[in-house]
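What follows is a short report on a single structure.
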Amino acid sequence: MAIREIITAPDPRLKEISKPVDRVDDGLRALMDDMLETMYAAPGIGLAAVQVGVPKQVIVIDLARDGEPPAPRYFVNPEIRWASDDTAIYEEGCLSVPDMYEEVERPARCRVRYLDYQGEIREEDCDDLLATCLQHEMDHLKGVLFIDHLSRVKRSMMLKKLIKQKKLQEKEPA
Ligand code: GNR
Ligand code: NI
């Protein structure tokens, strides 16, 4: 397993449309293992493959809190089968949008169909943080970031900060 570099905005690679996976094999499981390790190290509660530069429809999520045993989940080729009309607002962050947080409104519940770590087809009803996180990750598969859900004023403010952060990074690399 290896920790991979997480791409931060603005970067054209984050706008790529992720392609469906043909089959869940050992190569794909190795990618999912790396993604999980990268997410834990960050730390974050979810990660899409495109955030480590692999535009495939692969997501890992772990919502276990500090002190709870790890609870990794893997979603390959996820499809939203149904989304509720009622919505929920969460303060979201993104490993590709470092140190910025804003409230985003999304459907409160959804049903998702996907392939799991073994390549078995599954369907699951999601609510609360899982529904929010899954929709945030599925946005990544379409090249969409949470800042794209904000007003133009807020989004351009955040983009300005992100560009400034990148310029500082170039001067003194980590
Ligand atoms: O770590 C993360 N936290 C988070 C909080 C609220 C809503 C979504 C997320 S996902 C984010 C990790 C990430 O960037 N995934 O793409
Ligand atoms: Ni994100």
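The values are calculated or read from the model by the stated rules, or taken from the named source; none is laboratory data. Quick caveat: nothing in here was measured; it's all calculated off a predicted structure. Using ideal geometry, Cβ is built from the backbone for each residue, glycine included, and neighbour counts are taken over all protein chains shown.
Data overview
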{"read-out": "Near pairs, Cβ below 7 angstrom, 6+ apart or cross-chain, from the range 119-140 (within 20 Å of Met35 (Cα to Cα)) to any residue that is basic (Lys, Arg) and near ligand 1 (Cβ under 10 Å from one of its atoms)", "value": "Thr132/Arg106; Gln135/Arg106"}
{"read-out": "Strands (runs of 3 or more DSSP E) enclosed by the range 1-118 - at least 3 residues per element that are more than 16 Å from ligand 2 (Cβ to nearest atom)", "value": "73-83, 87-94, 110-115"}
{"read-out": "Index of the failed condition, Thr8 passing every other in (1) among the hydroxyl-bearing types (Ser, Thr, Tyr); (2) surrounded by fewer than 17 Cβ atoms within 10 Å (Cβ to Cβ); (3) within 16 Å of ligand 1 (Cβ to nearest atom)", "value": "(2)"}
{"read-out": "Among residues of the range 140-153, those that are more than 16 Å from ligand 1 (Cβ to nearest atom) and either in a helix (DSSP H, G or I) or surrounded by 12 or more Cβ atoms within 10 Å (Cβ to Cβ) (or both), counted", "value": "2"}
{"read-out": "Meets criteria (modelled with pLDDT under 95 and over 30 Å from Arg73 (Cβ atoms)) for Lys171", "value": "yes"}
{"read-out": "The range 40-56 residues that are free of Cβ contacts under 8 Å to residues at least 60 places away in the same chain, paired with ones that are within 8 Å of ligand 2 (Cβ to nearest atom) and part of a loop (DSSP other than H, G, I, E, B) (beta carbon under 6 Å, 6 or more apart)", "value": "Ala42/Leu95; Gly44/Leu95"}
